[in-house]
Amino acid sequence: MATIFGINLFALFGQLLVGLINGSFYALLALGLAIIFGLLKIINFSHGALYMLGAFGAYLGLNYLGIDYWWALVLVPIAVGALGILLERTLIRPIANEDHLYSLLLTFGIALILQGLFTHWFGSSGMPYAIPEELKGGTRLPFMYLPDYRAWIIVFSLSVCAVTWYIIEKTKLGAYLRAGTENPQLMQAFGINVPLIVTLTYGFGVGLAGLAGVLAAPVYSVSPEMGSNILIVVFAIVVIGGMGSIGGAILTGLAMGVVEGLTKYFYPEASTTVIFLVMVLVLLTKPAGLFGKEA
């Protein structure tokens, strides 16, 4: 057993791996929340429920429709995004110009309805989803064993985050998105369909939640409560990074996963609260968040 200064390296790197996996999910979910709030100014409390729908979409697709993991990775986010578009067009748009509290309460109600329906249909116990054959097994590293599927989660999630950040921040499409939400009257004068941009942006943001759900299905039990368990943590991460900061959401999500993993090793009792402690400290010193802009 390799130890340095009394630190069990095998256990430490194992917790770091767990932290990186959790951080990958945090980054993907926080990215979706940051896009929806940063571009649309909608506080989407149904994000966790849509993440849960992504996991259930993969589970139901495999068991009832014969849709394997790889097809679920493509089809389920599209289906969740389509549901998000429907919700935006029918429920969220009528209150778009009201106080943020209205969208918060509405999306919170949607989350409770979805969670209640799935609890009624499937119960509260978790259901397993098998790791695809291509990603079973792992690699023996000097101080840890790295399962292939865990490595896939980290690489794929961060790749999606990086591509999304680049599109929003560095391309003409991203410039249209930002301009359409910051000054919709001007963009409409130039012939840009701003309502369509808003709808597609919301659909894309919740589609990222559905994608995270598919990725999570083989790692965590698929259950109606899985979204509510992670949502508050992800909101705290978005606040730490800065509400609406796309890059901040990604970096903070990954960093907080690592911090959580290290805390589980050095002081396990604080592992469930360390992110909220960081949030408090950040808000006391930089109320706009680490990467946010002061109003």
* Asked: What are the residues whose amide H is under 5 Å from the amide H of Asn8, where those residues sit 5 or more places off or on another chain and H is modelled from the backbone?
  -> none
* **Approximate spin-label separation Ser221-Asn8, in nm, with each point projected 7 Å along Cα-to-Cβ** => 2.5 nm
* Structure fact -> Dividing the mean separation of Cα pairs under 8 Å (6+ apart) by the residue count of the chain yields a relative contact order in percent of 37 percent
* Asked: So what does log10 I(q)/I(0) come out to for the range 1-104 at q = 0.21, 0.22 Å⁻¹, using the Debye formula with one equal point on every Cα and no solvent?
  -> -1.11, -1.16
* Asked: Using the Cα gyration tensor of the range 147-238, with a ≥ b ≥ c the square roots of its eigenvalues, what is the shape: rounded (a/c below 1.5), prolate (a/b larger than b/c) or oblate (neither)?
  -> prolate
* **Long-range HN-HN contacts of Ser271 with modeled amide H, under 5 Å** => none
* **Carbon + sulfur, % of accessible area of the chain - ligands and nucleic acids excluded, 1.4 Å** => 69 percent
* Structure fact -> The answer for trypsin sites (Lys or Arg not before Pro) in the range 50-147 that fall in a DSSP coil and have at most 14 neighbouring Cβ atoms within 10 Å is Lys136
* Structure fact -> Log10 I(q)/I(0) at q = 0.21, 0.22 Å⁻¹ for the range 177-295, from Debye over equal alpha-carbon scatterers, is -1.22, -1.26
* **Extended-chain gain in nm, criterion 0.36 nm per residue less alpha-carbon gap, Asp99 and Phe143** => 10.7 nm
* Low-density loop positions, chymotrypsin sites (Phe, Trp or Tyr not before Pro), the range 2-101 - DSSP coil, at most 15 other Cβ in 10 Å -> Phe5
* Structure fact -> Cross-link reach from Lys172 to lysines, straight Cα distance under 22 Å and at least 8 residues apart if same chain, gives Lys41
* Taking the simple approach of a point 7 Å from Cα along Cα-to-Cβ for both Thr119 and Ile192, what is their distance in nm? -> 4.2 nm
* Asked: Tell me, how many Å apart are the Cα centres for the range 200-265 and for the range 109-151?
  -> 14 Å
* Longest DSSP-loop-exposure-free segment, GluC sites (Glu not before Pro), the chain, at most 16 other Cβ within 10 Å -> 99-224
* Asked: Once phi is turned into θ = phi - 60°, what whole-Hz ³J(HN,Hα) does the Karplus curve with 6.51, -1.76 and 1.60 give for every residue of the range 211-226, x standing for Gly and Pro?
  -> 4, 4, x, 4, 4, 6, 3, x, 9, 10, 5, 7, 8, x, 8, 5
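The values are calculated or read from the model by the stated rules, or taken from the named source; none is laboratory data. These numbers were taken from a predicted model, which means no experiment stands behind them. Don't worry about glycine lacking a Cβ; one is built from the backbone with ideal geometry, like all the others, and counts go over all protein chains shown. Surface areas here come from the heavy atoms of the whole protein model, side chains and all, with no ligands, DNA or RNA. Shrake-Rupley method; radii C 1.70, N 1.55, O 1.52, S 1.80 Å.
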